Number of protein chains: 4
Amino acid sequence: MRRTVRETMRETVRVAILDAAEELIAKHGLHAAALVQIAKRAGVAVGTLYNYFTDRDALIRGLFESRRTTLRPKLLAAIHAGADLPFEPRLRLFMHELLAAFESHRGFLKIAIENEHLVPPGSTTAQDLLAGVTALITAGVREGVIAADKAELLPLVVTGAIKAIIVQRLQDGGELTGDADAIVAILLDGIRSAAP
Amino acid sequence: MRRTVRETMRETVRVAILDAAEELIAKHGLHAAALVQIAKRAGVAVGTLYNYFTDRDALIRGLFESRRTTLRPKLLAAIHAGADLPFEPRLRLFMHELLAAFESHRGFLKIAIENEHLVPPGSTTAQDLLAGVTALITAGVREGVIAADKAELLPLVVTGAIKAIIVQRLQDGGELTGDADAIVAILLDGIRSAAP
Amino acid sequence: MRRTVRETMRETVRVAILDAAEELIAKHGLHAAALVQIAKRAGVAVGTLYNYFTDRDALIRGLFESRRTTLRPKLLAAIHAGADLPFEPRLRLFMHELLAAFESHRGFLKIAIENEHLVPPGSTTAQDLLAGVTALITAGVREGVIAADKAELLPLVVTGAIKAIIVQRLQDGGELTGDADAIVAILLDGIRSAAP
Amino acid sequence: MRRTVRETMRETVRVAILDAAEELIAKHGLHAAALVQIAKRAGVAVGTLYNYFTDRDALIRGLFESRRTTLRPKLLAAIHAGADLPFEPRLRLFMHELLAAFESHRGFLKIAIENEHLVPPGSTTAQDLLAGVTALITAGVREGVIAADKAELLPLVVTGAIKAIIVQRLQDGGELTGDADAIVAILLDGIRSAAP
DNA sequence: TATGAATGAGCATTCATTCAT
DNA sequence: GATGAATGAATGCTCATTCAT
């Protein structure tokens, strides 16, 4: 029991550190966030950081992993949400749930997108997103809604579009969820108004 | 004449410096490229850098401006390329010329995309691209090919998609131009294969 | 108590840094004393200097303030020393105490005099001295010993004379106090021997 | 003849360089005056400076020597001015002529006083002044007007007083000559009003 | 001789990391 | 474990000096 209490406190401090890092990095950039400042904002001493992370890099990685751990289940849930629905409503549902999940991680999204090129690929939220979209599209292909020859680039296009809109809304302060339907409409039918 | 020779040499050195900066930043990141290294790779001394740029920031800005100066005319040409063509072939032409122009600026594209969030907006290649795409889409709306209500997000979606694919090809080494038709197909008709 | 120990050490290091700075500046000049050398002589690393002073300028200011803090009380004491004595013996007393106080600050005096023109006026030892002498002379005027019309330039003359002699003794290594009576004699009666 | 023309031009450039140096050093300080700026103000290129002076130090020395060459004769003239007059009027005359001579060298005086400690002793204007005053006082001693035992410190006191007042007038912009009589009065009779 | 671009040693400053308390 | 002062390598920048033209 005593052990559990101690572990709880450890976890509390860890969370405080990561939150502080997230805030500062989101505000000033990855490089401009000095460890002393992160420590100060977390309410601990610099040395303490090294009791939780082996070095600066590990702390950053810890931040990415931590957020990914929170986001991944929601992302998976969004993907499997309408597994029994046909492609179109399923995509719509996915987009809504996805953006809703992202809404509460604006700070981290900023960081993740700005520093995508720095984190080694293989286990990032960006890759989770790409994987999810790919899965969705594969389902669409299986369903016959999507032409197989489009399947290679489509995931890139979809995630690219999503990111672009996220960046825009992060900047202008607009809500992410508001764009869900519009994005889906564009993605489904393309540029052409198609209309009747 | 003497004057011209000297100016030619000045320009040569300037180019060497910017090329060195581009290479190093593309390889190691904007922050990791130290001036000593840039100088060494350019074959000059540190102090020389300061004969061409007032400080590090000005050098970086110089790099962006230099590349933009090369790219912008090509980008504008791509946009006005098929001004008399109907929307669809015009978009196709644009995408081909755009990616062809980008092909020779791979290093800079990497830098520009990775550091988009750092450069003050208003005069970047990214903005040039966005402006071009927006112009194209406006034309499409006027032509009745594009539904007006899509016009707000469409430019973001299109540029986002283009960037995503560029990033991918930059990583896997693939040619940019190879994807032009596929991108256009996706953008035009959307995800749905729409069958024949 | 623990707190006190740490603070004592901090103070020790601070003193070591200022002493090192004083020595080096006195020997090589204000500008020639590099921070690395100051740090080395103080027995600390360069970075440590920045734990005590925000930058080089602050360190120099710290040195001036530190010495002024030591000297000012002595200077004030010298001025008020014979407040109830008539002007002449009071001046004599002042000069003796002043030079005695200065004797233990030879290094700093050199620095202060050599760089008088660099430090912003308002809170320097030089100004303290001038103020003190002015006060003394004002008293003399009130006492009727000094003609009011001399009161404007007299402080400048007196402090100028004192400085000149200090500089001389700093150079030839002579004791400052040895000149007290001679200075007073000259100041009181002027150049003219005044005969018997 | 050709040779003479060339030498005249050389001299012109030399003067321009020294004037530029004087101006910049007086305004910004000895250290802050960079050679590039001196060259620019003199209307020549940096490299040209090295055709006239072996290095920065030599240029500074050149400046001091140049001004000394102009000032020394005036100073000597001031000293010998009233060689046949009794001490008192002779001192008065000296002070007037001295300050008048200094009036046209305000810029250089600022430099000379601020950097007295940097120039090696033996051939400075300061030393010329000290020598002159010493000579004057020696004459006074011989004349019986000055007590021999005061003769050691008196020159220091007198020059120190003069410097202090010069510094003051350099700062407040006041004319130097205006203080001549007051200084002499103080020096002659000392602090004491001497009353009637 | 005049020019001014090139040079590089030298300096102030930052910050991740260590470690004695 | 927590603390925060100490460390010193690394970086951007300056400027006296050189030298090809």
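Worth pointing out:
- For region A:48-62, filtering for residues that are within 6 Å of DNA strand E (Cβ to nearest atom) and farther than 11 Å from A:ALA21 by Cβ leaves 2.
- Residue match in region A:135-152 (condition: within 13 Å of the chain's Cα centre (by Cα), charged (D, E, K, R) and not assigned by TED's automatic domain parsing to the domain that holds A:LYS27): no
- In region B:1-47, the residue that is farthest from B:LEU109 (Cα to Cα) out of those that are within 14 Å of chain A (Cβ to nearest Cβ) and more than 13 Å from DNA strand E (Cβ to nearest atom) is B:ALA33.
- Here B:GLU65 meets the list (1) closer than 26 Å to A:LEU30 by Cβ; (2) away from chain A (no Cβ under 14 Å); (3) near DNA strand F (Cβ under 9 Å from one of its atoms) almost entirely, failing just condition (3).
- Candidates A:GLY47, A:GLY62, A:GLY43, filtered to the one that is surrounded by 14 or more Cβ atoms within 10 Å (Cβ to Cβ) and not acidic (Asp, Glu): A:GLY62
- Checking C:ALA32 against (1) near DNA strand F (Cβ under 9 Å from one of its atoms); (2) aliphatic (A, V, I, L, M); (3) assigned to a loop (DSSP other than H, G, I, E, B), the condition it does not meet: (1)
- Of all residues in region B:2-28, those satisfying the criterion of being within 25 Å of B:LEU118 (Cβ to Cβ) and within 11 Å of DNA strand F (Cβ to nearest atom) are B:ALA21, B:LEU24, B:ILE25, B:HIS28.
- Against the list (1) surrounded by fewer than 20 Cβ atoms within 10 Å (Cβ to Cβ); (2) in contact (Cβ under 8 Å) with a residue 12 or more places away in the chain, the condition A:PRO73 fails is (2).
- Residue check, B:LEU71 within 29 Å of B:GLU103 (Cβ to Cβ) and either within 11 Å of DNA strand F (Cβ to nearest atom) or not assigned by TED's automatic domain parsing to the domain that holds B:PHE102 (or both): no
- B:ARG56 vs. criteria more than 16 Å from DNA strand F (Cβ to nearest atom) and either basic (Lys, Arg) or under 21 Å from B:GLY107 (Cα atoms) (or both): no
The values are calculated or read from the model by the stated rules, or taken from the named source; none is laboratory data. Small disclaimer: the values here were computed from a predicted structure and weren't measured. Cβ sites come from the backbone with ideal geometry, for glycine too, and all protein chains shown count toward neighbours.
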